[in-house]
Structures are given as C-alpha cells and as structure tokens.
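Here the structure is laid out as structure tokens; the discussion comes afterwards.
No lab work stands behind these numbers, since they all come straight from the coordinates. As the structure is a computational prediction, the values presented were derived from the model and not from experiment. Every residue, glycine among them, receives a Cβ derived from its backbone with ideal geometry; neighbour counts consider all protein chains shown.
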Amino acid sequence: MNTCCIVRSGLQPCNNPPSIPMKHDGIPALTLEPLKRAPEKVEVPSSRTPRFIEDVAAGRVELPVIPAIVQQLMNALRNPDVDSRQIAQALARDPVLTSKVLRLANSSFFGGQRSMSSIDAAVGLIGTAALNRLIVACGVSSSFGEVPGIDLQRFWRDARVAANAAYQLAPRVGADPDDAYLCGLLHAAGHLILCRSYPEVAHAMFTGFAPVRGVELAAIEMEAFGIDHPTVGALWAESIKFPQAVADTVGKSTRPPEEIVSALDLSLSGGCALAAAVSQKASAEVALAALHPGLRARFMLGNGEPDPAFAKLYRGLCEAEAPV
C-alpha cells in the first residue's frame, strides 16, 4: 500500500493541553480528546488521496441522514402556532426522544421537584423553544456512530456548549437564536464526516494526539483529506435542508475576523470562543478577551469595564452543561 507523509507541526505534547489562542486568527472549532502520543511525522496509509466531493457524487461516501421524525418535529417546532399536543403525539412514537424529553423535564434545570411521566405535561413544562433545541441536538448527534480518532461524548458536549453560548449571544447581535444554536452544533461536524468517511487516514492523523481546533485543524484536514471541516459541514447542512444562512455561517467558521460580518457569524464566533474557554477552564477575563472584537465591544460598559451580564453568562456555561 502506498503512503503519503504528512508532518504535523505546531501540536503540543498531550500532557500540556493547548491554551486558547489570544490572537484572533480564526474561530476555534471543537474536537477530540485523544491523549496518547506526542507529535511526530505521521505516515498516512492511503491507496489514493481522498477526493471528498467526487466520492460523495460517486456514492463511495454517504453523508449522514437526520431521522425523519426529527426533521418533522424540527419543522413543526419552528411554527409559533404549533399545537403542543400534536408535538407530544409525534414524540410518543419515538421512545428514545420521549425518554430524553422526560429526563429533561425531571432535571434540576426545570426544578426536579417531582417525577413526571406524562409526555404531554413534559412538553408543556419545557416549552417549544427549549424542546426544539433538544430535538435538534438529539437528531444531529444520533446521525453519527463510532468515529475513528474522536471521543464522541466529549465532542458533542463541547458542541452543545458552543451551541448554547451562540444561542445566548444571538440577541446581543440581532441574530436568530435558533439558527445560532444550529451553527454551534454543526460547526465542527464536518470533521466527524471526514473521519468517518476515511477511517484509515483519520486514525493515523488524530488517534493519540492532543486536540487541535479551528485554523490548525482545517490546515491538517486540507493536507490529509483535500478538504476542510467548514466546507464539509456547510455541504451537509445544505443536504439536510437546514437554513441556507446556517450553512453559509458554518462554511465560514474558520475565516479571519475581517470576514466575520453577519450577526450569525458573530454569534458562532462567540459560541466557539466561549466553548474553547470553558474546555480550558479559563477565567471570564480570558474568555472575554478571546471574543471577536465586534462582539467583545458589546459586553463592555461605557467606562471600559466588562458587562456583568457576560460574567453571568460565562459562569452559567462553566458551572454545568445546560441540558439543551
């Protein structure tokens, strides 16, 4: 079997986790856990260089599919006049979603004072906005099985933090909160698709290495796969009929600050930066400094002091992963 050699530069040893970049040279995309071996020259086994677009077109690679029931619920929940009883009836047809909804309704986030077993009552308690986020998160994450080189539990935990952060930041910049949440969930999903599609390359490049993010991750992907996770993530978002604005923003998730112009771009940028800060257990001051300048300015008071609302938002992300 032929091999192509790729040198991984700039990675830190696994016992020295990377710090959050203070230069605004891109948006950190969240990924991976492996902590086994130090950076070295990697032999990537491959009989041919991956050609993702051609492989998808030829049927050699299949994009993940969102379950039909999740698609139906997502569409219904975007209707402000949706009947909660119809939502409950649809949920009742999916035992996995039903159990997740009941677990959320009985969680401390919603009081946790009693054991609720009625899906109708649970839907009424949670509300359509929070329920929509739960359905989206379940649908997206359930589209992936085991992925070489990826700790999926950590990956989706980080993605949910980014999504929740983007959702909370969206009103500050005038973005749609639901679209911002979707962007946070999907912004690094292209990496999972690449690793699942080319497992031998993924194993050689990512198993046993400390996490890499954003611009650095995209550069490694370009060399290994010939395409990067923002491009693949945008293609996937389009294929599963998510809003075009979401696909466009996901596709720009590692662009430099001067190319982050829309409100949705700013929301995702901030969500990713805060999720990276949470994963590094950084202080609120460090997290604020890591935000895009255009977003950071919205959390500064007239006297130059940080807005207390930011500390509260960041503390909420750090103290406990929000259940939706």
Exercise. In terms of modelled amide H atoms, which long-range or inter-chain residues lie less than 5 Å from the amide H of M300?
Worked result: D307
Seminar exercise, completed: Toy charge model, Lys and Arg Cβ at +1, Asp and Glu Cβ at -1: region 110-222 dipole around Cα centroid in debye, rounded to 20, equals 320
Exercise. What span do the alpha-carbon atoms of region 130-288 cover on each of the three principal axes, reported in whole Å from largest to smallest?
Worked result: 43, 36, 30
For this session: For K100, go through the aspartates and glutamates and keep the ones whose alpha-carbon is under 14 Å away, minus same-chain ones fewer than eight residues off.
Result: D120
Exercise. In terms of Cα to Cα distance under 18 Å, which aspartates and glutamates are near enough to K281, apart from those fewer than 8 places away along the same chain?
Worked result: E33, D158, E319, E321
Problem set entry | Highest average packing first - 124-131, 256-263, 297-304, 187-194, Cβ atoms within 10 Å | 187-194, 124-131, 256-263, 297-304
Seminar exercise, completed: Taking a ≥ b ≥ c as the square roots of the eigenvalues of the Cα gyration tensor, with a/c under 1.5 meaning rounded and otherwise prolate when a/b exceeds b/c and oblate if not, region 60-138 is prolate
Exercise. If packing is taken as the mean number of other Cβ atoms within 10 Å per residue, what is the order of 268-277, 224-233, highest first?
Worked result: 268-277, 224-233
